[in-house]
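Chemist: Handing you a structure now.
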Amino acid sequence: MKKIVSVLFAVLIVFQVQAQSKNTKTKDANLPRVIILATGGTIAGAGESSSKAAYTPGQIPVDNLLNAVPQIHDLARIKGEQIAQIGSQDMNVDTWLKLSNRINAIFDNNEADGVVVTHGTDTQEETAYFLSLTIKSDKPVVLVGAMRPATAMSQDGNRNLFDAVTVAAAPASQGIGVVTAMNEEIYAARDVTKTVTTNTATFKSRNFGPIGLIYDGKVSYYYKSLRSPAQKFNIKGLKKLPQVEIIYGYADASPRAITASVEEGVKGIVYAGMGNGNFNAPVGKALADASKKGVVVCRAARAGAGRVTLFNEVDDKALGFVVADDLNPQKARVLLMLALTQTNDQQTIQDLFFKY
């Protein structure tokens, strides 16, 4: 009798395991698909001590990052790919092109419903803006990083990664555009910037604030940027982008950096000017000379917020300049590089700055 009971109990266990397995597979099949593309950065950084600031970025491979946050598998069907393994201070155009082409391929081939990009914070805003101008899908693309390495006490990367997957998997994220998700806040790629060197609450939009919030595995959106371009730049087949330099304005600035850049053969200059994108007389002459030689000059501002306006203190049309509107200098450089793949015309490029 005991033997029969044991056999029946064993059969029951098998049926329960099979049923649980079937239910798990059914549940998994209903989850959205999210691919995590890793580029390195502090979120993948490692240090010798959990209580010290020193660390080396980009040391932890993507599979280890995913294994550290098993809860993300309750949100989506996850796959990971290593695109690069660098600190974001070493981010470059080659990696931008590789990343954008891979994301476009993922969506073109219906490989995923959303993409998360792990990235260092130093240049995350530039990569996010580049992707927002070149990704040809309405599906979610979420950039995420950390301010403390994975080995640090109270590291922030695991929670940020969980929240980023939450955003990428949320139906409400469709059509929102490329965003960053860190510290429980969601920012549009165009508007976000790093504002603090070491604090975990570093990302802000100084003009407009976050477009949404993440809390307890839920996403809430409050508005959408009207500057998300419907027509994206086509970078397929490009091996490089036109060279554009940023030159910083300050009291008693010398024009030497402008002259040297022109002699080097740059295609564009973003001048991070004082106040409303202003410059002194020697710098103004050097910028005007550069424009006459075919270099596209864009006036931006070092102020950190607000916009640079046309025809205020500078006769931009006469000098051949364009203005960055409210883009900071580093993002103005991204847009100018892409614009120069299409045109050198001053008015056409100015229209792109007011549109994008």
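Chemist: Filter segment 335-350 down to residues that are over 13 Å from Q243 (Cα atoms) and of a type outside the set (S, T, N, Q) and give me whichever is surrounded by the fewest Cβ atoms within 10 Å (Cβ to Cβ).
Modeler: Selected residue: D345.
Chemist: Going by what's in this entry, would N110 be described as of a type outside the set (A, V, I, L, M, F, W, C) and not in a loop (DSSP other than H, G, I, E, B)?
Modeler: no
Chemist: Here is a follow-up. Mind listing just one residue for me: the one in segment 43-53 that is among the small types (G, A, S) and surrounded by 14 or more Cβ atoms within 10 Å (Cβ to Cβ) and, of those, modelled with the highest pLDDT?
Modeler: A44
Chemist: Which residues, counting only those in segment 97-122, are more than 23 Å from A170 (Cα to Cα) and surrounded by fewer than 21 Cβ atoms within 10 Å (Cβ to Cβ)?
Modeler: Selection gives L97, K98, N101, D122.
Chemist: Kindly provide the set of residues from segment 305-334 that are within 16 Å of A189 (Cα to Cα) and open to solvent by 20 Å² or more (accessible area, probe 1.4 Å), ordered by number.
Modeler: Once the filter is applied, which keeps residues that are within 16 Å of A189 (Cα to Cα) and open to solvent by 20 Å² or more (accessible area, probe 1.4 Å), segment 305-334 yields A305, D326, N328, Q330, R333.
Chemist: Among the residues of segment 279-304, which ones are of a type in the set (D, E, K, R), surrounded by fewer than 24 Cβ atoms within 10 Å (Cβ to Cβ) and either touching a strand residue (DSSP E or B) at 6+ places or on another chain (Cβ under 7 Å) or free of Cβ contacts under 8 Å to residues at least 24 places away in the same chain (or both)?
Modeler: Within segment 279-304, R302 is the sole residue that qualifies.
Chemist: Return yes or no: is A251 outside any helix (DSSP H, G or I), open to solvent by 10 Å² or more (accessible area, probe 1.4 Å), over 30 Å from D138 (Cα atoms) and not aromatic (F, W, Y)?
Modeler: Values: outside any helix (DSSP H, G or I): yes; open to solvent by 10 Å² or more (accessible area, probe 1.4 Å): yes; over 30 Å from D138 (Cα atoms): yes; not aromatic (F, W, Y): yes.
When the stated conditions are applied, A251 passes them.
Chemist: Take T56 and decide whether it is closer than 23 Å to K239 by Cβ, at pLDDT 65 or above and of a type in the set (S, T, Y).
Modeler: No.
Chemist: Counting only residues that are surrounded by 24 or more Cβ atoms within 10 Å (Cβ to Cβ), of a type in the set (S, T, N, Q) and under 29 Å from T56 (Cβ atoms), how many does segment 167-206 have?
Modeler: Here the count works out to 1.
Chemist: Step by step: first the residues of segment 269-278, then only those that are of a type outside the set (A, V, I, L, M) and open to solvent by less than 10 Å² (accessible area, probe 1.4 Å), then the one that is nearest to A251 (Cα to Cα). Which residue is that?
Modeler: By that ranking, first place goes to G273.
Chemist: Just give me the residues in segment 69-92 being surrounded by fewer than 16 Cβ atoms within 10 Å (Cβ to Cβ) and either assigned to a loop (DSSP other than H, G, I, E, B) or within 14 Å of the chain's Cα centre (by Cα) (or both), in sequence order.
Modeler: Residues satisfying the conditions are Q89, N92.
Chemist: Moving on to the next point. Within segment 299-356, work out how many residues are touching a Gly at 6+ places or on another chain (Cβ under 9 Å), of a type in the set (K, R) and not in a loop (DSSP other than H, G, I, E, B).
Modeler: 2
Chemist: Being open to solvent by 10 Å² or more (accessible area, probe 1.4 Å) and under 12 Å from the mean Cα position of the chain (by Cα) is the filter here, so list the residues in segment 129-166 that pass it.
Modeler: S132, the sole residue that qualifies.
Chemist: A follow-up question, please. Can you report the number of residues in segment 139-160 which are more than 14 Å from T200 (Cα to Cα) and outside any loop (DSSP other than H, G, I, E, B)?
Modeler: 3
The values are calculated or read from the model by the stated rules, or taken from the named source; none is laboratory data. Keep in mind it's a predicted model, so treat the numbers as computed, not measured. Counting neighbours? That spans all protein chains shown, and the Cβs are built from the backbone with ideal geometry, glycine included. Note: areas computed on protein heavy atoms with side chains; ligands, DNA, RNA excluded. Shrake-Rupley method; radii C 1.70, N 1.55, O 1.52, S 1.80 Å.
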